[in-house]
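For reference, the structure discussed in these notes is given below.
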Amino acid sequence: MTPSYANNAAIYDNYRAPARFIEFEGRVYKFKGIERKADVDIHNYRCNYERHNLRIHLQGGVPFYVEGIYKIEDSAVN
């Protein structure tokens with residue numbers, strides 16, 4: 001089952017671990033990898049249809065910032 005998040009608030013409340021795919025605002029995003037910066041994990045997702053990257057920043061396993069970036073190319077790192 002693919003986890004589904006209607007908006008950023010749903011991610012803040014319910015997201016804790018990466019899934020192969022997630023649904024966000026009605027679109028399916030594929031997990032691309034994790035970046036580690038200091039004590040922050042950044043989970044990277046990509047929706048090729050929308051050409052949109054979703055980055056979920058977690059500290060201590062809890063999301064504190066959700067970042068959406070439109071990018072033509074597909075890359076795990078923004």
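The values are calculated or read from the model by the stated rules, or taken from the named source; none is laboratory data. Predicted model only: the values in this text are computed from it and were never measured. No Cβ is skipped: glycine too gets one built from the backbone with ideal geometry, and neighbour counts run over all protein chains shown. We work out accessible area using only protein heavy atoms, side chains counted, and drop any ligands, DNA or RNA first. Shrake-Rupley method; radii C 1.70, N 1.55, O 1.52, S 1.80 Å.
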Suppose every K and R has +1 on its Cβ and every D and E has -1 on its Cβ; what is the size of the dipole of the range 22-78 about the Cα centre, in Debye to the nearest 20?
-> 120 debye
Low-density loop chymotrypsin sites (Phe, Trp or Tyr not before Pro), the chain, at most 10 other Cβ within 10 Å, DSSP non-H/G/I/E/B, are Y49
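On the accessible surface of the chain, probed at 1.4 Å, how many percent belong to carbon and sulfur atoms?
Numbers: 2370 of 4730 Å².
The C+S portion of the solvent-accessible surface of the chain is 50 percent.
Give me D for the chain in µm² s⁻¹, whole number, from Stokes-Einstein with Rh from the Kirkwood sum over alpha-carbon pairs, 4 °C and 1.567 mPa s. List each step's numbers first, then the result.
On the way: Rh = 12.4 Å.
For the chosen part, D equals 105 µm²/s.
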Value of [θ]222 nm, deg cm²/dmol, for the chain, DSSP H segments ≥ 4, -39500 (n - 2.57) each, nearest 500 | -2000 deg cm²/dmol
In the range 1-52, trypsin sites (Lys or Arg not before Pro) in a DSSP loop with at most 13 other beta-carbon atoms within 10 Å = R16, R20, R51
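Send over the semi-axes of the range 1-43's equivalent ellipsoid, whole angstrom and largest first, taken as the square roots of 5 times the C-alpha gyration tensor eigenvalues.
Here the semi-axes work out to 19, 13, 8 Å.
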Distance in Å, no decimals, from the C-alpha centre of the range 38-52 to the one of the range 11-32 is 9 Å
